[in-house]
Amino acid sequence: MSITRLNLLNGSKAIGAYSAATLVDLTKCQNLLFISGQVASDEHGTVIAPGDARQQSIVVFQKIEDILGQSGMNFSNIVFTQILVKDMEDFSHVSKVRNEFLSDVKPASIFIQAGALAVEEHLVEVSAIAVL
């Protein structure tokens, strides 16, 4: 499998760790992994770091890292992320964490203000697609 990160020659300048597109050669692909939206809650449903979008983002990316590891993958296998924030005021905090975790990967990505997530105290939710 080969993954090629694409950027537009005359496109918008990337403002974070993402690419305009990701081309995946599936001729040797073994698995596709679709990671549901991850949020900062523990196994009992208790919200972790209420009111702190940066800390919630760290927890979310750590959860994604765990899921990737269970699948025999790591962040380099991610080809797409979708990031939802409750409030765009948290963009800089969440983007900085994303950039720390995905700085070498730069998957295709979308960043959306959702306005509300399923649980009121969640400030960020991230889903991803990875390829092995």
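The values are calculated or read from the model by the stated rules, or taken from the named source; none is laboratory data. For clarity, every value in this text was computed on a predicted model and none was experimentally measured. Note: ideal-geometry Cβ built from the backbone for every residue, glycine included; neighbour counts use all protein chains shown. Surface accessibility is based on the protein's heavy atoms, side chains included, excluding ligands, DNA and RNA. Shrake-Rupley method; radii C 1.70, N 1.55, O 1.52, S 1.80 Å.
Of Phe91, Ile3, Phe111, whose Cα points farthest to the positive end of the dipole of the chain (charges on the beta-carbon: +1 Lys, Arg; -1 Asp, Glu; origin at the Cα centre)?
Result: Ile3.
Report the full-extension gain for the segment Ala118 to Thr4: residue separation times 0.36 nm, less the Cα-Cα distance, to one decimal in nm.
Taking 0.36 nm per residue and subtracting the Cα distance, the gain is 37.6 nm.
Over the heavy atoms of Lys86, what accessible area does a 1.4 Å probe trace out, to the nearest 10 Å²?
Ignoring ligands and nucleic acids, Lys86 comes out at about 40 Å².
Give the shape of the chain as rounded, prolate or oblate, defined through the alpha-carbon gyration tensor: a ≥ b ≥ c are the square roots of its eigenvalues, a/c under 1.5 means rounded, and otherwise the shape is prolate if a/b is larger than b/c and oblate if not.
Oblate is the answer for the chain, as a/c is 1.5 or above yet b/c matches or exceeds a/b.
Could you work out how far apart the two model spin labels at Thr46 and Phe91 are, taking each label as a point 7 Å from the Cα in the direction of the beta carbon, and quote it in nm?
3.4 nm
Please list His93, His44, His122 in order of solvent-accessible area, largest first, computed with a 1.4 Å probe with all protein chains present.
His44, His93, His122
With every protein chain left in place and a probe of 1.4 Å, what is the accessible surface of Asp42, to the nearest 10 Å²?
Probe radius 1.4 Å; accessible area of Asp42 about 50 Å².
What residues have an amide H closer than 5 Å to that of Ser41, excluding those fewer than 5 places away on the same chain, when H is modeled at 1.01 Å from N in the peptide plane?
Correct list: Ile48.
Which angle from 0 to 90°, rounded to the nearest 10, does the C-alpha axis of helix 53-70 make with the longest principal axis of the chain?
50 degrees
Tell me the carbon and sulfur percent of the accessible area for the range 37-132, rounded to whole percent, probe radius 1.4 Å.
49 percent
Note down the nm distance, to one decimal, between modelled labels 7 Å out along Cα→Cβ at Arg54 and at Ile67.
Roughly 2.5 nm, to one decimal.
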